[in-house]
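Peer 1: What follows is a single structure, and I will ask about it in a moment.
The values are calculated or read from the model by the stated rules, or taken from the named source; none is laboratory data. Quick caveat, the model's predicted, so the values are computed rather than measured. Methodologically, a virtual Cβ is constructed for each residue, glycine included, from the backbone with ideal geometry; neighbour enumeration extends over all protein chains shown.
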Amino acid sequence: MKDLKLAESEHRFMKIVWENQPLTSANLVKLCARQLDWKKSTTYTVLKRLCEKGVVKNENSTIIPLVSQKEVQLFESTNIVNRSFDGSLPGFIAAFMEGKKLSTEDADRIRKMIEAYEE
């Protein structure tokens, strides 16, 4: 699996790309200035870094994501479970749910999700 670990700034940048794809580099600069308060040079520095990582492609000044938001979410969540909970999904869920209550609707949705993945 490709290393999809993104820094916080890269993740915020990618949210803009995913929500507005495909987009021109000029439009990306405007969106990053407005949403992230970034200068043009910062936007291009992050864009270059993410192109080198293989996360986005800059083709003729059109920015295209090479990985989906879902792929990054899967990579990050798997890493958290593996690193912090020794790969134990129940351990992760127990820690995440500590002190929280679920609505009946959310509990039903989660049960259905679990049932869909059962062997």
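Peer 1: Examine region 81-97 for a residue that is under 17 Å from the mean Cα position of the chain (by Cα), surrounded by 12 or more Cβ atoms within 10 Å (Cβ to Cβ) and not basic (Lys, Arg), and state whether such a residue exists.
Peer 2: Yes, region 81-97 contains a residue that is under 17 Å from the mean Cα position of the chain (by Cα), surrounded by 12 or more Cβ atoms within 10 Å (Cβ to Cβ) and not basic (Lys, Arg).
Rundown of residues vs (1) of a type outside the set (Val, Ile, Thr); (2) touching a Ser or Thr at 6+ places or on another chain (Cβ under 8 Å), yes/no style:
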site: Ile16; (1), (2): no, no
site: Ser25; (1), (2): yes, yes
site: Val29; (1), (2): no, yes
site: Asp37; (1), (2): yes, no
site: Leu50; (1), (2): yes, no
site: Val56; (1), (2): no, no
site: Ser61; (1), (2): yes, yes
site: Leu66; (1), (2): yes, no
site: Lys70; (1), (2): yes, no
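Peer 1: Moving on to the next point. Restricting to region 98-119, what's the tally of residues that are modelled with pLDDT under 90, surrounded by 11 or more Cβ atoms within 10 Å (Cβ to Cβ) and either touching an Asp or Glu at 6+ places or on another chain (Cβ under 7 Å) or not aliphatic (A, V, I, L, M) (or both)?
Peer 2: Adding up the residues that qualify gives 0.
Peer 1: Pull up region 38-80, narrow it to residues that are acidic (Asp, Glu) and more than 16 Å from the chain's Cα centre (by Cα), then point me to the one that is farthest from Arg12 (Cα to Cα).
Peer 2: Filtering first and then ranking leaves Glu59.
Peer 1: Return a yes/no flag: does region 16-31 have any residue that is at pLDDT 95 or above and at positive phi.
Peer 2: no
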